[in-house]
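*Asks:* Quick one: the structure is below, and I'll ask about it shortly.
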Amino acid sequence: MGHPKTNLLIRLLACVVVFSISGVMAWAAVRHGVAAYWAQSGQPERWAQAAAWEPDNPEHWYRLGRFYQVDFEHADLSRAISNYQRATAIAPDTAEYWLDLAEAKETALQMAEAEQAFRKAQQMYPLSADVAWRFGNFLLRQSRRDEAFREIHEALSVRPGLTALAISRCWQGSQDIEQILKLALPPEPDTYWGAIDFLVDAHEPDAAMVVWKRLMEANPSFPVQSTFKLQDMLIETGHPDAAKTVWQQAFSAAGVSRGEQRDGSLVWNGGFEQELLNGGMGWRFRPVAGAELNFDPHVAHWGRAIRAVFDGTSNVDFQQPWQYVVVEPNTRYRLSAYFRTEDLSTSSGIRLEAEETHFGDPLQGTPGLTGTHPWAPGVVEFTTGADTRLIRVVLRRRPSQKLDNKISGTIWMDDVSLVPVAESAALR
């Protein structure tokens with residue numbers, strides 16, 4: 001048993017220690033509370049006060065760094081860097097702090113230090129898509145393309161949603177699509193589609209077809225309709241053969257049959273047995289006032305016919321359905337179809353035309369139809385020009401110039417065919 005005075009002294013010291021610890025904890029709580037109060041303010045000077053009250057909290061310094069880096073009116077790059085460096089010193093394992101420090105250093109033209117900060121962020125978070133993406137873009141800005149592409153590849157492997165933006169950035173740095181595919185884009189169908197979407201919007205047909213070829217090598221599966229934007233771009237930029245290739249391969253990827261075209265006709269779905277896809281190299285249509293286009297399974301020359309009904313309310317400029325067809329230049333073709341009409345009242349007859357795609361001028365057309373007629377063929381022959389590679393086959397009624405110009409009645413069309421004259425077969 002100890003001496004009473006000694007025990008009393010020990011108890012007093014213990015109380016002092018307890019009260020000291022409590023005082024320190026209370027003071028820390030006060031500091032944190034005051035700092036948190038200032039940090040909630042929308043005024044940057046209050047953030048500085050928060051940092052002064054709680055200097056060991058990296059978030060205060062990081063927030064100040066962001067303010068001085070991105071606020072247009074108060075931009076101060078040196079202060080931004082200084083605050084970022086305080087944040088990284090307190091929390092060196094936070095990749096976000098290093099990334100913003102790196103970009104501030106780049107803005108200050110301190111490229112070596114910027115790269116060091118990027119690599120520090122990468123060391124802290126090696127699997128981060130954001131780190132790889134931002135470092136890759138830094139390397140692109142330094143024209144270090146191969147290194148940049150590899151970093152972007154890592155980012156896309158984790159976050160494929162960046163593909164469209166990635167191909168845009170890579171394309172700005174180098175229009176070598178083979179190198180971009182080799183180093184920057186993961187070999188995944190979704191990635192290839194993202195690249196194709198960008199190249200379609202950029203009207204880059206050759207590069208788009210390189211990516212398309214790579215996509216098809218992966219034996220993907222997708223609906224035919226997903227290729228319509230690509231085909232439209234290829235047609236608009238004067239690449240009809242490439243559009244035809246995409247069209248044909250899209251059916252294979254979709255796992256559906258294109259169907260046999262009668263008599264070797266170049267027109268797809270000329271008998272209208274399949275649905276109208278409204279895109280690609282198939283039949284297209286669009287709503288028009290005063291006319292309705294639909295199928296008629298009961299009145300057909302063979303199988304099923306397309307029917308256009310005019311309600312007599314409009315002087316319709318009618319041009320549907322229509323279809324792009326790839327042809328050979330300086331070649332004679334026979335365009336034919338079967339027609340049936342009922343009470344077709346118009347001074348401007350309806351006919352099937354072959355048109356130049358760039359100017360809309362008819363190469364030739366079948367005889368115009370009015371009145372009421374049973375099923376009968378309409379036939380016309382024409383020769384393509386020296387530069388003609390693509391035509392538009394269209395059921396056409398041009399607006400009438402007469403006073404009584406509204407059209408009413410019904411026309412049916414079936415068995416549309418386009419063949420080179422030497423190979424054309426006799427009509428049934």
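The values are calculated or read from the model by the stated rules, or taken from the named source; none is laboratory data. This one's a predicted model, so the numbers in the text were calculated from it and none came from an experiment. Heads up, the Cβs are rebuilt from the backbone with ideal geometry, glycines too, and the neighbour counts pull from every protein chain shown. To get the accessible areas, we keep the full protein, side chains included, count just its heavy atoms, and leave off ligands, DNA and RNA. Shrake-Rupley method; radii C 1.70, N 1.55, O 1.52, S 1.80 Å.
*Asks:* Which ones in segment 380-410 are of a type in the set (A, V, I, L, M, F, W, C) and either in contact with a helix residue (DSSP H, G or I) (Cβ under 8 Å, 6 or more places away or on another chain) or surrounded by 16 or more Cβ atoms within 10 Å (Cβ to Cβ) (or both)?
*Replies:* Correct list: V380, F382, L390, I391, V393, V394, L395, I407.
*Asks:* Separate question: Would you check which residues across segment 353-378 are open to solvent by less than 60 Å² (accessible area, probe 1.4 Å) and over 17 Å from Q323 (Cα atoms) and list them?
*Replies:* G368, L369, T370, G371, A376, G378
*Asks:* While we're on this one: Exactly one condition in (1) in contact (Cβ under 8 Å) with a residue 40 or more places away in the chain; (2) closer than 30 Å to D404 by Cβ; (3) part of a strand (DSSP E or B) is false for T313; which is it?
*Replies:* (3)
The rows are residues; the columns are (1) touching a residue at least 40 places away in the same chain (Cβ under 8 Å); (2) in the same structural domain as Y68 (by TED's automatic domain parsing); (3) of a type in the set (D, E).
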{"site": "L109", "(1), (2), (3)": "no, yes, no"}
{"site": "A112", "(1), (2), (3)": "no, yes, no"}
{"site": "E115", "(1), (2), (3)": "no, yes, yes"}
{"site": "R134", "(1), (2), (3)": "no, no, no"}
{"site": "N137", "(1), (2), (3)": "no, no, no"}
{"site": "R144", "(1), (2), (3)": "no, no, no"}
{"site": "F149", "(1), (2), (3)": "no, no, no"}
{"site": "H153", "(1), (2), (3)": "no, no, no"}
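*Asks:* What number of residues in segment 341-396 are farther than 30 Å from A243 by Cβ, in a strand (DSSP E or B) and β-branched (V, I, T)?
*Replies:* Selection size over segment 341-396: 2.
*Asks:* With respect to Q249, determine if the residue is open to solvent by 50 Å² or more (accessible area, probe 1.4 Å) and outside the structural domain of L199 (by TED's automatic domain parsing).
*Replies:* On the way: open to solvent by 50 Å² or more (accessible area, probe 1.4 Å): yes; outside the structural domain of L199 (by TED's automatic domain parsing): no.
When the stated conditions are applied, Q249 does not pass them.
*Asks:* For segment 119-168, which positions are small (G, A, S) and under 24 Å from A91 (Cβ atoms)?
*Replies:* Hits for segment 119-168 are A121, S128, A129, A132, A155.
*Asks:* Looking at (1) open to solvent by 60 Å² or more (accessible area, probe 1.4 Å); (2) touching a Gly at 6+ places or on another chain (Cβ under 8 Å); (3) modelled with pLDDT of 95 or more, which is the one condition that is false for R334?
*Replies:* Among (1) open to solvent by 60 Å² or more (accessible area, probe 1.4 Å); (2) touching a Gly at 6+ places or on another chain (Cβ under 8 Å); (3) modelled with pLDDT of 95 or more, R334 violates only (2).
*Asks:* Going residue by residue through segment 301-309, is there one that turns out to be in contact (Cβ under 8 Å) with a residue 40 or more places away in the chain, more than 21 Å from V419 (Cα to Cα), not hydrophobic (A, V, I, L, M, F, W, C) and not in a loop (DSSP other than H, G, I, E, B)?
*Replies:* Checking segment 301-309: at least one residue is in contact (Cβ under 8 Å) with a residue 40 or more places away in the chain, more than 21 Å from V419 (Cα to Cα), not hydrophobic (A, V, I, L, M, F, W, C) and not in a loop (DSSP other than H, G, I, E, B).
*Asks:* Looking at segment 397-419, can you tell me whether even one residue there is under 20 Å from D241 (Cα atoms), in a loop (DSSP other than H, G, I, E, B) and not assigned by TED's automatic domain parsing to the domain that holds E236?
*Replies:* no
*Asks:* With touching a strand residue (DSSP E or B) at 6+ places or on another chain (Cβ under 9 Å), open to solvent by less than 50 Å² (accessible area, probe 1.4 Å) and not polar (S, T, N, Q) as the only criterion, which of P189, P240, P205 stands out? Steps first, answer last, please.
*Replies:* Working: P189 fails: touching a strand residue (DSSP E or B) at 6+ places or on another chain (Cβ under 9 Å); P205 fails: touching a strand residue (DSSP E or B) at 6+ places or on another chain (Cβ under 9 Å).
So the residue among P189, P240, P205 that is touching a strand residue (DSSP E or B) at 6+ places or on another chain (Cβ under 9 Å), open to solvent by less than 50 Å² (accessible area, probe 1.4 Å) and not polar (S, T, N, Q) is P240.
*Asks:* Here's a check for you: in segment 208-234, which residue that is in contact with a Leu (Cβ under 9 Å, 6 or more places away or on another chain) and either farther than 17 Å from A195 by Cα or of a type in the set (D, E) (or both) is most open to solvent (accessible area, probe 1.4 Å)?
*Replies:* Q225
*Asks:* Within the set of pairs 6+ apart or on separate chains, which have a first residue in segment 71-92 that is more than 16 Å from K105 (Cβ to Cβ), a second that is in a helix (DSSP H, G or I) and open to solvent by less than 50 Å² (accessible area, probe 1.4 Å), and C-beta atoms under 8 Å apart?
*Replies:* Every condition considered, the pairs that remain are D71/P44; H74/P44; H74/F67; H74/Y68; I90/P58; I90/W61; A91/P58; A91/Y97.
*Asks:* What are the residues in segment 141-177 that are surrounded by fewer than 22 Cβ atoms within 10 Å (Cβ to Cβ), among the hydrophobic types (A, V, I, L, M, F, W, C) and under 26 Å from K213 (Cβ atoms), if any?
*Replies:* L162, A164, L165, W171
*Asks:* Considering only residues of segment 290-312 that are open to solvent by 60 Å² or more (accessible area, probe 1.4 Å) and modelled with pLDDT of 90 or more, which is farthest from the chain's Cα centre (by Cα)?
*Replies:* Applying the filter and picking the extreme gives D311.
The rows are residues; the columns are (1) open to solvent by less than 20 Å² (accessible area, probe 1.4 Å); (2) in the same structural domain as V325 (by TED's automatic domain parsing); (3) touching a residue at least 12 places away in the same chain (Cβ under 8 Å); (4) not basic (K, R).
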| site | (1), (2), (3), (4) |
| --- | --- |
| E236 | no, no, yes, yes |
| S265 | yes, no, yes, yes |
| N278 | no, no, no, yes |
| F285 | no, no, yes, yes |
